[in-house]
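Encoded as structure tokens, the structure appears first; notes follow it.
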Amino acid sequence: MSVSYPNQYRNYCIIDLPKRRNLDEIKASLEQPKSEDTVIEDLYELNLMLDEGRKDVAEIYPTLSKYNNTDSPNIQSFLAGIYRKTKVPDAFGPLIAMLIRNAINQNTQCLPASNSNLPTYSFTPDPNEEIGGAILDYLV
């Protein structure tokens, strides 16, 4: 598996999944992740399961909740998407906390990566779009 992170040309991850895993395998991987890439791949697979109508994804909220305090905008975006689809009641507070924490620690996006004259930019996606959307879905 591999993750291609957002950049100045695209605001989303591209994830190559060679095979699909079951919920127990994903849960085990999330409990002992090897890297951020692994977590993103796992969350992506959970999103796919939800898109296919799987309701049992909500059952692993206790495992997902360990990522509620992450600073990774990619993990935050995927988590918010999962919470938006599952509407697990316990996830509402952490979504609010993520949004507040991100507002307090605002990262300026698309700043020049270096002081060179080259038009190179680093890009960090804004997870607040997905977090805010998830919060709104909880409220309606």
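The values are calculated or read from the model by the stated rules, or taken from the named source; none is laboratory data. Bear in mind the structure is a predicted one, so any value in this text is a computation, not a measurement. Please note: Cβ atoms are built from the backbone with ideal geometry, for glycine as well, and neighbour counts cover all protein chains shown. Ligands, DNA and RNA are stripped out before the accessible areas are found, and what is left, the full protein with its side chains, is counted by its heavy atoms. Shrake-Rupley method; radii C 1.70, N 1.55, O 1.52, S 1.80 Å.
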Legend entry - GNM top mover of Tyr61, Tyr83, Tyr44 - the chain, alpha-carbon springs below 10 Å: Tyr61
Inset, instruction - Would you compute, from DSSP H runs of 4+ residues alone, the mean residue ellipticity of the chain at 222 nm, taking -39500 (n - 2.57) per run and dividing by the full residue count, rounded to the nearest 500? - result: -15000 deg cm²/dmol
Inset, instruction - For the chain, with a Gaussian network of springs between Cα atoms less than 10 Å apart, report the residue from Ala80, Ala91, Ala58 with the top mean-square fluctuation. - result: Ala58
Inset, instruction - Pop a pseudo-label 7 angstrom from the Cα along the beta-carbon direction at both Leu48 and Asp24 and give the gap in nm to one decimal. - result: 2.0
Legend entry - Cα-based reach from Lys87 at 23 Å (exclusive), listing lysines while leaving out same-chain residues under 8 positions away: Lys27, Lys55, Lys66
Inset, instruction - Keeping the other protein chains in place, figure out the carbon and sulfur percent of the accessible area of the chain, with a 1.4 Å probe. - result: 51
Inset, instruction - Once you've got the GNM for the chain with C-alpha springs shorter than 10 Å, pick whichever of Val57, Val39, Val88 has the biggest mean-square fluctuation. - result: Val88
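Please say if segment 13-84 is rounded, prolate or oblate, where rounded means a/c under 1.5 for a ≥ b ≥ c the square roots of the C-alpha gyration tensor eigenvalues, and otherwise the choice is prolate for a/b larger than b/c and oblate otherwise?
Working: a/c = 1.26, a/b = 1.12, b/c = 1.12.
Because its axes are fairly even, with a/c under 1.5, segment 13-84 counts as rounded.
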Legend entry - Dipole magnitude (debye, nearest 20) for the chain, charges at Cβ of Lys, Arg, Asp, Glu: 100
